Every structure is written in structure tokens, then in C-alpha cells.
Amino acid sequence: MWGATGMNVECVVTGASSQIGGPLLELLPDRFFRVNAWSRKPQAEVRGVAWQRADLSEVYKIDETVTHLIHLAPLALLAPVLEHAHPMRVIAISTCSVRHKASSASPAERKLAEKLKNAEKQVIMMARRKGHQLTLLRPAMLYGAGRDGTVAVLQKLARRFGFLLVPGRALGLRQPVHVADVAQAIVGCIDHDKTIGRCYELGGRAQITLRQLAERVLTDNGKRARVYSVPSWLLRPVIDAARILKIRPDWDVGLLDRAQKNQTVDNRPAMRDFGYDPRPFNGKGLTRKVIRR
């Protein structure tokens with residue numbers, strides 16, 4: 001459904017308080033008459049955005065006026081929403097962990113990758129069954145909002161201690177992608193119908209080793225590039241303790257093995273189909289300020 005000016009009428013963003021939600025909600029009011037941000041914890045007001053408290057573990061009916069659904073919440077929650085909704089344009093965020101953790105040395109990480117893969121399959125199946133126009137996006141290592149589990153942690157440690165530790169030689173390549181670039185990718189998919197029925201992996205412009213990543217975080221924050229290699233067997237109990245004490249419950253010893261493996265993506269399909277153009281890596285993780293009323 002379109003308005004008199006050619007703008008889409010209404011959009012729902014689920015998981016709107018996530019890392020990607022901040023920069024995305026700045027962009028959507030220019031393309032929709034109404035933007036509804038769903039979250040369990042509504043945030044401060046944003047220009048052109050109406051917040052709604054919603055828990056997707058419950059069943060929510062989406063109004064018939066909604067033309068677009070952008071799903072930033074965990075992907076496993078999306079299929080039930082699609083089942084009870086009228087046909088819409090749907091853009092959903094998955095993760096490259098589907099592929100990168102599938103062969104992890106950690107049983108927990110392999111199990112997570114399998115769950116993510118099954119969630120993608122369920123969403124694709126439900127979209128086809130109910131007539132939704134679906135695009136899946138798989139970002140690589142997110143950064144930029146200060147809430148991720150890698151770059152943000154390194155930033156905090158760098159500012160506090162002035163040096164960083166990496167496992168072994170840490171030669172595995174990474175491709176950190178800024179949350180604002182993923183937000184731009186979502187808008188690009190809205191504007192290009194050729195993305196319907198496709199899945200795109202999204203990385204940043206730079207492919208760098210974990211060691212280089214640590215060095216960049218230090219230098220971009222005004223520190224000397226003091227990065228020290230530590231044998232994995234010494235880091236293993238530290239990671240276990242951080243998880244058990246819930247300091248970093250998302251950490252797993254599998255990341256030590258993956259530190260030596262490449263986890264990069266091919267940006268060319270996204271560049272070709274909707275002009276994806278990610279920025280160079282910046283270790284400060286600068287974010288745009290949310291426009292408030």
C-alpha cells in the first residue's frame with residue numbers, strides 16, 4: 001500500500017532496541033508515513049517513530065495497514081509472526097554464524113549454528129506459504145554501537161589497560177561491519193525489489209586478522225599498538241570463568257579455535273543488487289546520534 005506521495009504507508013520494526021535499531025530508525029521516517037518500533041523495552045522517542053511494548057514470545061497480530069516488516073529480533077521468533085500476518089515485504093536479520101560456527105570445535109557453537117540454520121529454514125518456508133516477500137541479511141562481526149561481543153569488548157579493555165591479548169598468532173581474517181552500514185543495507189533492500197527471495201551476507205570493507213583488529217582498536221583510541229599473543233591453553237580457563245561468572249556468558253572456548261580461521265564474506269552480490277557500500281573499519285566504533293524530538 002502506498003501513500004499519495006509514493007511513500008510506503010506503514011512499517012513495523014521488531015527488536016527495535018537492538019544494535020541495528022538505532023541507526024535504522026533514523027532512516028525509516030523518510031520512507032514511511034508511520035514507523036512502529038516494537039521492543040520489550042521501548043526507548044527514548046525518535047522523530048517519526050512510535051514505540052510499542054511487545055514480547056514476540058506471545059502472538060501479535062500485525063495491522064492490515066502495515067506494508068513492511070523489518071525483523072531485528074532473534075530470527076527464531078519470526079516464523080510465528082509471519083504465520084499470523086497478511087502478506088508483507090519482510091526483511092530479516094540473521095547472522096554469518098550460521099556458516100562460520102557450523103564447523104566449530106565447540107559443540108555449543110555447532111548447536112547454535114544448527115538452531116540458526118533451522119530458524120532460517122522455518123522463516124523461508126513460512127514466507128513462501130503465506131505469500132510474504134522475504135529478504136534475509138547475514139551481517140558479519142557487528143560493531144559501532146558499543147554493544148557487540150568482540151570489538152566493543154576490545155575497546156573497553158584497550159582504554160582501561162592500554163594493551164590487548166590475542167590467542168596464539170590470531171591469523172584468522174575478520175570483516176567487521178558497522179551497524180549503520182547494515183541499516184543502510186536494509187533501506188537498500190526496501191528500495192530494490194530484485195532483493196526479494198534472496199539472502200545476502202554483509203561484511204565491512206576491510207578484511208583484517210584478529211591481531212590487526214586489536215592493533216587498530218588500540219591505535220584508533222590513541223594507544224600504542226601493544227598486542228601480545230597468549231597460548232590458547234592459558235586463555236581457555238579465563239574464557240570458562242568469564243562464562244560461568246556471567247561476565248561474558250556469550251563466550252565459548254570455540255572462539256580460540258576460530259581465531260585461526262577466516263570468517264569473511266563476499267559483498268559483491270549486495271553491491272550489485274542494492275549498492276551496498278560499507279565504510280572502512282574504525283576501531284573507535286563511532287555511531288550516529290539518534291535524532292530525538
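The values are calculated or read from the model by the stated rules, or taken from the named source; none is laboratory data. Because the structure is predicted, anything quoted here is derived from the model rather than measured. Neighbour counts run over all protein chains shown; Cβ positions are idealised from the backbone, glycine included. Note: areas computed on protein heavy atoms with side chains; ligands, DNA, RNA excluded. Shrake-Rupley method; radii C 1.70, N 1.55, O 1.52, S 1.80 Å.
Among the residues of segment 123-134 satisfying the criterion of being over 15 Å from Ile93 (Cβ atoms) and outside any helix (DSSP H, G or I), which is farthest from the chain's Cα centre (by Cα)?
Among them, the one singled out is Gly131.
Working only within segment 151-165, note down all residues that are in contact (Cβ under 8 Å) with a residue 40 or more places away in the chain and open to solvent by 40 Å² or more (accessible area, probe 1.4 Å).
Selection gives Arg159, Phe163, Leu165.
Being of a type in the set (A, V, I, L, M) and either on the phi > 0 side of the Ramachandran plot or in contact with a Cys (Cβ under 7 Å, 6 or more places away or on another chain) (or both) is the filter here; which residues of segment 8-32 pass it?
Leu28
Search segment 31-64 for residues being outside any strand (DSSP E or B) and small (Gly, Ala, Ser), and hand back the single one that is surrounded by the most Cβ atoms within 10 Å (Cβ to Cβ).
Ala54
Can you spot a residue in segment 73-89 that is under 13 Å from Thr14 (Cα atoms), open to solvent by less than 20 Å² (accessible area, probe 1.4 Å) and in a loop (DSSP other than H, G, I, E, B)?
yes
Go through (1) of a type outside the set (D, E, K, R); (2) open to solvent by less than 20 Å² (accessible area, probe 1.4 Å); (3) in a loop (DSSP other than H, G, I, E, B) and name the single condition Leu28 misses.
Condition not satisfied by Leu28: (3).
Determine, yes or no, whether Glu120 is in a helix (DSSP H, G or I), more than 19 Å from Asp220 (Cβ to Cβ), in contact (Cβ under 8 Å) with a residue 12 or more places away in the chain and open to solvent by 40 Å² or more (accessible area, probe 1.4 Å).
no
Grab the helices (runs of 4 or more DSSP H) fully contained in segment 166-256, keeping just those with 1 or more residues being within 27 Å of Ala119 (Cα to Cα), open to solvent by 10 Å² or more (accessible area, probe 1.4 Å) and touching a residue at least 12 places away in the same chain (Cβ under 8 Å).
The qualifying helices (runs of 4 or more DSSP H) are 179-191.
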